[in-house]
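The values are calculated or read from the model by the stated rules, or taken from the named source; none is laboratory data. Everything numeric in this text was worked out from a predicted model, so none of it was measured. When we count neighbours, we look across all protein chains shown, and the Cβ atoms used for this are built from the backbone with ideal geometry, even at glycine. Just the protein is used for accessible areas: all its heavy atoms, side chains included, with ligands, DNA and RNA removed. Shrake-Rupley method; radii C 1.70, N 1.55, O 1.52, S 1.80 Å.
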Amino acid sequence: MICAISGEVPDEPVVSKKSGLLFERRLVERYIEDHGKCPVTKEELTMDDIVAVKTNKVVKPRQLQAASIPGLLGMFQNEWDAIMLSSFALEQQLHTARQELSHALYQHDAACRVIARLKKERDEARALLAQAERQIPALMAGAAPTAVVSNGKRAFEDEVGPDGKKIRPGINPVMIDELTECNTMLSAHRKKRQVPPTLASIDAIERYTQISSHPLHKTNKPGILSMDIHPSKDIIATGGIDTNAVLFDRPSGQILCTLTGHSKKITSLKFVPRDELFVTGSADKTVKIWQGSEEGNYNCIHTLKDHTAEVEAVTVHATQKYFVTASKDNTWCFYDIPSGSCLTQVGESSGQEGYTSASFHPDGLILGTGTTEAVVKIWDVKTQSNVAKFEGHVGPVTAMSFSENGYFLATAALDGVKLWDLRKLRNFRTISPYDSDTPTNSVEFDFSGSYLAVGGSDTRVYQVANVKLEWNLVKTLPDLSGTGKVTNVKFGTDAKYIAVGSMDRNLRIFGLPGEDDQMDDAKPSEE
């Protein structure tokens, strides 16, 4: 009896009722299970059509070679040889696969390097093209040549006049007309502006608490010295003692990029949203202009070395085409952003007095600067002349902020915050939130001009009133860093949150818990 499938004597024979064919039970069961047919006749077949055959147990004869000891040894020798040949073939295949993998990895690495280089060249070309496009209108209008070469170095940078000073092209009449036109437009628009209905209410601010804390800077060099918020993208930039600038996306709670390049602490930084630019000033006496890319990274396109001492402040003009830097060398520089050229440098280099803060008036024709000698100076940008001085502070003027209504200026120093009426050029109120040994490090109006934030040993928010009415304290936010020194305070859009930097490495966000669903992914508050 032979199985119709295997052609061998079955161990467990069965017979098909339909065809009468003999099968090995395990083989025919598997075939019926897969196909439902007889493997030989192809007729429909089920296990009910299979009948077991009772037979005596079959003892299969031993192979002829296994019938003697020499035969067994020969079988073992053949099997050993086959195993050795198979092992040798596998080793050869493994060696070949390793070579192919190594070659593929080398090609992949080379391709990645080429792609990275091409991306870098593409970004540089785009930046140069955008810069050239911005320079063409100015040149057509008779703007002074900037003679820019690579890395922000200017051809006339080394040219020195008879008096030993560097030659500057100056602010030409075309630029003055542009500044005046911007001032006229913003002033007219400001008179019609109303407080936005989405502005955070006083009741909401009274309930503000810390909702997140983000370690952005190095542990071994903690301290956030400067901060700015992108007006449309809700990105917070911080500059620290660790020489780095960090761009942080508040909604997602993620660090977008870390800008390195300065050799000392970053004292001031500002966004230039129009062209996705970013400006940083440092204690290493330099200013850097960074160009944003589509990938979210920023590359340094200009390094400016016009100051001889620490750069303490950077402020951007309303046109977003110019910015001013103020330094402890007792000068401030007016820069053209597209070219990175210093158009004029105002002041005399001095080792006794220097500038510690600076800010443009919202309309752009007035510049305010604070000095180490506790004096606030007001400048006419068109003529670069000092038109007013405010005295009365104690200690360096560490921060200043113009109200969006254009009438008030808030300045901070060791003795607290002074509020100045720009219409009558006088101090109409002094806020002294701390003791005489605790300086006020930060002061900031929100964009609507409804609130004033003050930073010192804690953060305090005041409701803005007028010259006659009292400016009431709305909320006091404790300093949770443990350092007792709040260095920066910024309002978010519509004052929906307040960003606070201190002398530790963490950026802290204060607001209403649970109001912004986008904050769910952010890091929870520190204990």
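For region 483-503, filtering for residues that are open to solvent by 40 Å² or more (accessible area, probe 1.4 Å) and either of a type in the set (Val, Ile, Thr) or in contact with a His (Cβ under 7 Å, 6 or more places away or on another chain) (or both) leaves 2.
Would you confirm whether any residue within region 167-185 is aliphatic (A, V, I, L, M), within 22 Å of residue 488 (Cα to Cα) and open to solvent by 10 Å² or more (accessible area, probe 1.4 Å)? The answer is no, given that none of the residues of region 167-185 is aliphatic (A, V, I, L, M), within 22 Å of residue 488 (Cα to Cα) and open to solvent by 10 Å² or more (accessible area, probe 1.4 Å). Evaluated against (1) in a helix (DSSP H, G or I); (2) open to solvent by 100 Å² or more (accessible area, probe 1.4 Å), residue 42 falls short on exactly one condition, (1). Residue 243 meets each of the listed conditions (1) free of Cβ contacts under 8 Å to residues at least 24 places away in the same chain; (2) part of a loop (DSSP other than H, G, I, E, B); (3) polar (S, T, N, Q) apart from (1). On the basis of being open to solvent by 80 Å² or more (accessible area, probe 1.4 Å) and of a type in the set (Phe, Trp, Tyr), does residue 76 make the cut? So residue 76 passes the test. The residue that is least open to solvent (accessible area, probe 1.4 Å), among those in region 186-230 that are among the hydroxyl-bearing types (Ser, Thr, Tyr) and out of contact with any strand residue (DSSP E or B) (no Cβ under 9 Å at 6 or more places or on another chain), is 187. Among residues of region 279-318 being acidic (Asp, Glu) and under 12 Å from residue 225 (Cβ atoms), the one that is farthest from the chain's Cα centre (by Cα) is 310. Checked against (1) in contact (Cβ under 8 Å) with a residue 60 or more places away in the chain; (2) within 30 Å of residue 347 (Cβ to Cβ), residue 430 passes all but condition (1).
Of all residues being more than 14 Å from the chain's Cα centre (by Cα) and open to solvent by less than 10 Å² (accessible area, probe 1.4 Å) in region 259-278, which is modelled with the lowest pLDDT? Just the residue, please. For region 259-278, the residue satisfying everything is 272. Within region 35-46, residues that are at positive phi have Cβ atoms under 8 Å from residues that are assigned to a strand (DSSP E or B) in these pairs: 36/44, counting only partners at least 6 apart in sequence or on another chain. For beta carbons closer than 6 Å, sequence separation of 6+ or different chains, a first residue in region 448-466 that is at negative phi and open to solvent by less than 10 Å² (accessible area, probe 1.4 Å) and a second that is assigned to a strand (DSSP E or B) and polar (S, T, N, Q), the qualifying pairs are 455/442.
Here is a yes/no grid of residues against (1) touching a residue at least 12 places away in the same chain (Cβ under 8 Å); (2) part of a loop (DSSP other than H, G, I, E, B); (3) within 30 Å of the chain's Cα centre (by Cα):
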residue	(1), (2), (3)
320	yes, yes, yes
324	yes, no, yes
329	yes, yes, no
332	yes, no, yes
335	yes, no, yes
344	yes, no, no
362	yes, yes, yes
369	yes, no, yes
378	yes, no, no
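Where strands (runs of 3 or more DSSP E) sit wholly within region 390-501, those with at least 1 residues that are of a type in the set (Lys, Arg) and in the same structural domain as residue 379 (by the TED database) occupy 416-421, 426-431, 459-463, 473-477, 486-491. Kindly indicate whether any position in region 418-431 is touching a strand residue (DSSP E or B) at 6+ places or on another chain (Cβ under 7 Å) and surrounded by 23 or more Cβ atoms within 10 Å (Cβ to Cβ). There is at least one residue in region 418-431 that is touching a strand residue (DSSP E or B) at 6+ places or on another chain (Cβ under 7 Å) and surrounded by 23 or more Cβ atoms within 10 Å (Cβ to Cβ).
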